[in-house]
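Asker: I have a structure I would like to understand better, so I am pasting it below and will then ask my questions one at a time.
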Amino acid sequence: ADHPLATTDPAWSTAASPLITAYRGGIPSRTPVWFMRQAGRSLPEYRRVREGIGMLESCLKPELASEITLQPVRRHDVDAAIFFSDIVVPLRLAGVDVDIVPGTGPVLGTAVRTAEDVAALPELSDESLEPIHEAVRLTVAELGSTPLIGFAGAPFTVAAYMVEGGPSRDHLGPRTMMHADPETWDALATWAADTAGRFLRAQLEAGASAGQLFDSWAGSLSLADYERFVQPHSARALAHVSDLVGADGQSVPLVHFGTGTSEILPAMRDAGAAVMGVDYRLPLGEAHRRLGASPGPDGRGAVPLQGNIDPALLDAPWAVLEAHVREVVESGRVAPGHVVNLGHGVPPGTDPEVLTRVVELIHSLRP
Ligand code: 1CP
């Protein structure tokens with residue numbers, strides 16, 4: 001049976017918002033836009049509240065996480081908030097020894113490499129998710145009809161950090177493990193899928209209106225490896241929340257995103273999310289064509305798209321950036337729905353006034 005979410009108060013309903021309308025393939029009242037990594041170092045107000053507080057620590061203080069989530073909405077008038085957290089927060093909540101090192105990213109106390117390491121991983125409990133519930137409740141109470149997007153890291157991307165013990169460029173460790181020790185890989189990716197699914201479900205049950213699965217590094221996989229070793233686990237993570245329905249009785253929109261995914265986009269869609277995020281490497285028209293050209297096992301072809309302004313152009317002269325943004329909006333018209341975003345996260349050095357101006361431009365273009 002479908003599981004209705006808590007936010008059924010019509011005054012707070014986000015069902016008619018431009019974001020949710022476009023995610024469902026409808027025509028929104030204005031062209032929706034938000035930015036991956038819209039909260040964070042590009043904002044002086046973020047740097048101020050984060051002073052002297054570690055990254056993971058700030059994710060686990062509900063008032064602070066909520067405040068940081070709201071900052072870019074106030075400043076840029078974007079059409080969604082994305083919950084301020086990180087893909088390794090559920091690992092920390094489960095009891096895994098992990099930290100986010102400034103200038104580096106997630107680092108584990110000990111890498112997870114053997115069957116024994118995987119068997120010893122602690123389970124993420126419902127009680128440990130309470131700070132997440134509370135931060136989301138505080139945030140949606142302030143957001144009103146602006147939707148909050150919850151998220152989780154996909155099993156491959158999270159497992160890549162776990163096997164390597166930290167960031168890596170080519171993700172050799174997890175890619176070797178898939179072939180050299182497929183049973184251990186399967187157990188690790190299953191753990192990562194259930195952990196991601198519970199983390200995402202906590203955010204949606206507490207009031208988030210949509211969810212995004214970040215498989216940021218899936219582009220380092222061949223299509224064959226993606227299909228065999230990754231897609232079933234991403235599908236398992238998404239299945240944790242596929243029974244959830246919003247205030248309008250329709251299922252909660254889920255977005256699936258990675259970088260360098262041009263060759264695996266249809267296979268990623270087949271993991272089950274309703275919307276595909278597209279990185280800056282693939283024009284939206286081509287993404288639409290590739291998805292439509294290979295309808296998956298359930299017959300689904302082209303789907304609503306999210307993307308894909310090249311983050312590099314945020315630092316280009318305005319006339320260059322403006323032409324690019326107009327082209328992205330124009331090319332998105334082929335899809336059944338389009339939410340404008342960047343092709344990856346906001347670079348930390350971005351001038352926030354440029355982002356505000358990009359939002360104004362997008363809102364001035366007919367949906
Ligand atoms: O001190 C700081 O400000 C640290 C920088 C930072 C921030 C602001 C990290 C460390 N994580 C975050 C927040 C974060 N992480 C969000 C917030 C919401 C928003 O988008 O505004 C989100 C969605 C994430 C998710 C995340 N973390 C991803 C997936 C998205 C993506 O950018 O690809 C990944 C890969 C991570 C790992 C991570 N966390 C932080 C860093 C620097 C990294 C990448 C490290 C690497 O290069 O491998």
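Asker: Once the Cα gyration tensor of segment 263-334 is found, what semi-axes does its equivalent ellipsoid get, as square roots of 5 times the eigenvalues, in whole Å, sorted largest first?
Answerer: Computed over segment 263-334, the values are 27, 11, 8 Å.
Asker: For a footprinting-style exposure proxy, rank Val49, Val275 by other Cβ within 10 Å, fewest first.
Answerer: Val49, Val275
Asker: Also, quick follow-up: Give me Thr190, Thr157, Thr184 ranked fewest to most by other Cβ atoms within 10 Å of their Cβ, as a rough exposure proxy.
Answerer: Working: Thr190 17, Thr157 25, Thr184 20.
Final ranking by Cβ density, sparse to dense: Thr190, Thr184, Thr157.
Asker: Take every Cα-Cα distance within segment 152-289, group them into 5 Å bins from 0 onward, and report for each bin the whole-number percent of pairs it holds.
Answerer: So the P(r) values, bin by bin, are 2, 11, 21, 23, 19, 13, 8, 3, 1, 0.
Asker: Add -39500 (n - 2.57) for each DSSP H run of 4 or more in the chain, then divide by its residues: what number comes out at 222 nm, to the nearest 500 deg cm²/dmol?
Answerer: -12000 deg cm²/dmol
Asker: If you don't mind, another one. Put +1 on the Cβ of each Lys and Arg and -1 on the Cβ of each Asp and Glu in segment 3-364; which of His76, Thr14, Val329 then has its Cα farthest toward the positive end of the dipole?
Answerer: Result: Val329, furthest along the dipole toward the positive end.
Asker: Could you list, bin by bin from short to long, the percent of Cα-Cα pairs of segment 3-364 in 10 Å steps?
Answerer: 5, 26, 36, 26, 6, 0
Asker: List the GluC sites (Glu not before Pro) within segment 123-222 that DSSP assigns to loop and that have no more than 11 neighbouring Cβ atoms inside 10 Å.
Answerer: Here the GluC sites (Glu not before Pro) that fit, given the DSSP loop and packing criteria, are Glu123.
Asker: Moving on to the next point. Dipole of the chain, Cα-centred, from +1 at each Lys and Arg C-beta and -1 at each Asp and Glu C-beta, to the nearest 20 debye?
Answerer: In total the dipole reaches around 960 debye.
Asker: Tell me which of His133, Leu221, Gly296 sits at the most positive position along the dipole axis of segment 3-364, charges placed on C-beta atoms (Lys, Arg +1; Asp, Glu -1).
Answerer: So the residue furthest toward the plus end is Gly296.
Asker: Going by how many other Cβ atoms sit within 10 Å of their own, how do Met178, Met55, Met162, Met268 line up, fewest first? If you can, show how the numbers build up before the last one.
Answerer: Details: Met178 21, Met55 17, Met162 28, Met268 24.
Ordered from fewest to most neighbouring Cβ atoms within 10 Å, Met178, Met55, Met162, Met268 come out as Met55, Met178, Met268, Met162.
Asker: In addition: For every other residue with a beta carbon closer than 15 angstrom to the beta carbon of Arg333, add +1 if it is Lys or Arg and -1 if Asp or Glu, then tell me the sum.
Answerer: +1
Asker: Compute the signed sum of charges (Lys and Arg +1, Asp and Glu -1) over the other residues within less than 14 Å, Cβ to Cβ, of Pro167.
Answerer: Residues close to Pro167 contribute a combined charge of -3.
Asker: Just flag the GluC sites (Glu not before Pro) in segment 28-112 sitting in loop per DSSP whose Cβ has no more than 14 other Cβ atoms within 10 Å.
Answerer: For GluC sites (Glu not before Pro) across segment 28-112 that sit outside H, G, I, E and B with at most 14 neighbouring Cβ atoms in 10 Å, the list reads Glu51.
Asker: Once amide H atoms are built 1.01 Å from N in the peptide plane, which residues 5 or more positions from Ile309, or in another chain, come under 5 Å H to H?
Answerer: Excluding prolines and chain starts, which carry no amide H, the hits are Asn341, Leu342, Gly343.
Asker: Residues with amide H under 5 Å of Ala208's amide H, sequence separation 5 or more or different chain, H placed in the peptide plane at 1.01 Å from N; which?
Answerer: For Ala208, no residues qualify.
Asker: I'd like to know which of Ala180, Val101, Gly349 lies farthest towards the positive end of the charge dipole of segment 3-364, counting +1 on Cβ of Lys and Arg and -1 on Cβ of Asp and Glu.
Answerer: Working it through, the farthest residue towards the positive pole turns out to be Gly349.
Asker: Another one. Under a no-solvent Debye model with one identical scatterer per Cα of segment 30-177, what's log10 I(q)/I(0) at q = 0.10, 0.13, 0.14, 0.17 Å⁻¹?
Answerer: -0.39, -0.64, -0.74, -1.01
None of the figures in this text is laboratory data; all of them are computed from the coordinates on show. Note that this is a predicted model, so its numbers are computed, not measured. No Cβ is skipped: glycine too gets one built from the backbone with ideal geometry, and neighbour counts run over all protein chains shown.
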